[in-house]
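Enquirer: Questions regarding the structure given below will be posed in turn.
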Amino acid sequence: AFGVTQGLIDEFGPERVRDTPISEAAIAGAGAGAAVTGMRPVVEIMFIDFATVAADQIVNQAAKMRYMFGGASKVPLVIRTQGGAGRSAAAQHSQSLEAWYVHIPGLVVIMPSTPYDAKGLLKSAIRDDNPVMFIEHKMLYGVKGEVPDQEYLVPIGVADVKRTGSDVTVVATSRMVHLALEAAEEAASSGVSVEVIDPRTLKPLDSKTIVDSVKKTGRLVIVHEACKTGGFGAEIAAIVVGSEAFDYLEAPIERVCGLDVPVPYSPALEPLSVPGKNSILEGIDRTLR
């Protein structure tokens with residue numbers, strides 16, 4: 001998290017790259033103001049936990065300006081931030097708060113899981129005329145993958161089927177996509193075919209891809225690192241149950257989520273508070289019983 005923008009000021013200069021005081025409210029507020037006056041700023045809140053300090057600027061200003069000004073003003077602001085557990089950073093530096101921002105009308109919420117998606121979606125986010133919460137995961141910064149040299153964009157609001165399957169649909173977000181793929185590979189050795197879907201953007205959500213998959217498999221497991229109560233997985237479950245896919249369900253929907261506890265600092269306790277490959281496999285198994 002501390003090296004993501006390393007080298008940018010040397011390449012683009014201090015007019016385009018500003019090293020600011022550690023004041024999340026000032027960073028987000030300046031970004032919103034710059035966006036309204038015609039720029040397309042990308043601001044960084046290093047930990048999503050401290051985006052809470054900038055809640056007024058993000059929630060009450062950036063998210064609402066375009067609507068309250070009747071469309072006369074656009075707010076093409078990208079807020080890059082990261083969350084999640086995995087580095088024993090304790091409860092104030094390890095939260096997954098994406099559901100908070102999905103709840104706010106006016107915000108776009110993106111959570112990429114691969115280098116390809118991260119670059120393509122970031123470029124699309126910069127081109128969007130609405131404020132975007134671009135949420136990365138601290139444990140994905142070391143992940144490598146193919147990224148084209150040529151220009152490309154990943155469209156906002158389009159999910160990606162990371163693995164096709166016929167027995168169970170697993171919808172996973174961010175780092176959990178990789179664990180879901182590991183679980184799917186292990187399940188395949190037992191003859192279970194798992195389809196893994198990465199929404200990539202939570203708002204707008206590509207519900208059609210999810211619903212179509214559930215119609216095919218008849219089973220749904222939702223995986224996210226955020227705590228279960230009020231988590232985004234409940235929204236996915238509600239969409240599936242409220243759609244025509246309900247009649248296709250052959251088992252109750254399973255949610256594999258983080259525990260409703262502050263993320264522990266202890267390296268021994270932290271992994272117990274968030275989903276892992278085994279807990280995803282257990283969720284898959286429960287839908288097959």
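Enquirer: Hand me the list of helices (runs of 4 or more DSSP H) wholly inside the range 72-190 holding 2 or more residues that are in contact with a Phe, Trp or Tyr (Cβ under 8 Å, 6 or more places away or on another chain) and either within 24 Å of CYS257 (Cβ to Cβ) or polar (S, T, N, Q) (or both). Before you say what the answer is, go through the steps one by one.
Expert: Working: elements: 98-102, 115-127, 176-188.
Those helices (runs of 4 or more DSSP H) span 98-102.
Enquirer: Test ALA187 against the criterion of being touching a strand residue (DSSP E or B) at 6+ places or on another chain (Cβ under 8 Å), open to solvent by less than 40 Å² (accessible area, probe 1.4 Å) and either small (Gly, Ala, Ser) or farther than 27 Å from ALA118 by Cα (or both), and give yes or no. Break it down stepwise before answering.
Expert: Details: touching a strand residue (DSSP E or B) at 6+ places or on another chain (Cβ under 8 Å): yes; open to solvent by less than 40 Å² (accessible area, probe 1.4 Å): yes; either small (Gly, Ala, Ser) or farther than 27 Å from ALA118 by Cα (or both): yes.
Against the criterion (touching a strand residue (DSSP E or B) at 6+ places or on another chain (Cβ under 8 Å), open to solvent by less than 40 Å² (accessible area, probe 1.4 Å) and either small (Gly, Ala, Ser) or farther than 27 Å from ALA118 by Cα (or both)), ALA187 qualifies.
Enquirer: Okay, moving on. Report yes if GLY13 is exposed (fewer than 14 other Cβ atoms within 10 Å of the Cβ), under 21 Å from ASP128 (Cα atoms), free of Cβ contacts under 8 Å to residues at least 24 places away in the same chain and of a type outside the set (Lys, Arg), otherwise no.
Expert: Values: exposed (fewer than 14 other Cβ atoms within 10 Å of the Cβ): yes; under 21 Å from ASP128 (Cα atoms): no; free of Cβ contacts under 8 Å to residues at least 24 places away in the same chain: yes; of a type outside the set (Lys, Arg): yes.
No, not satisfied.
Enquirer: Can you find, within the range 215-237, the residue that is surrounded by the most Cβ atoms within 10 Å (Cβ to Cβ) among those that are within 17 Å of VAL177 (Cα to Cα) and hydrophobic (A, V, I, L, M, F, W, C)?
Expert: LEU220
Enquirer: Quick one: ALA32 ticks every box in (1) modelled with pLDDT of 95 or more; (2) in a loop (DSSP other than H, G, I, E, B); (3) surrounded by 15 or more Cβ atoms within 10 Å (Cβ to Cβ) bar one, so which box is it?
Expert: (2)
Enquirer: Considering PRO204, PRO252, PRO199, which residue is farther than 17 Å from ARG286 by Cα and open to solvent by 10 Å² or more (accessible area, probe 1.4 Å)? Explain how you work it out, then say what you get.
Expert: On the way: PRO252 fails: farther than 17 Å from ARG286 by Cα; PRO199 fails: open to solvent by 10 Å² or more (accessible area, probe 1.4 Å).
Going through PRO204, PRO252, PRO199 in turn, just one is farther than 17 Å from ARG286 by Cα and open to solvent by 10 Å² or more (accessible area, probe 1.4 Å): PRO204.
Enquirer: Mind checking which residues of the range 59-99 are more than 23 Å from LYS228 (Cβ to Cβ), among the polar types (S, T, N, Q) and touching a residue at least 12 places away in the same chain (Cβ under 8 Å)?
Expert: GLN61, SER73, listed by residue number.
The values are calculated or read from the model by the stated rules, or taken from the named source; none is laboratory data. Small disclaimer: the values here were computed from a predicted structure and weren't measured. Glycine gets a Cβ as well: all are built from the backbone with ideal geometry, and neighbour counts include every protein chain shown. Keep in mind that these areas ignore ligands, DNA and RNA; they rest on the heavy atoms of the full protein, side chains included. Shrake-Rupley method; radii C 1.70, N 1.55, O 1.52, S 1.80 Å.
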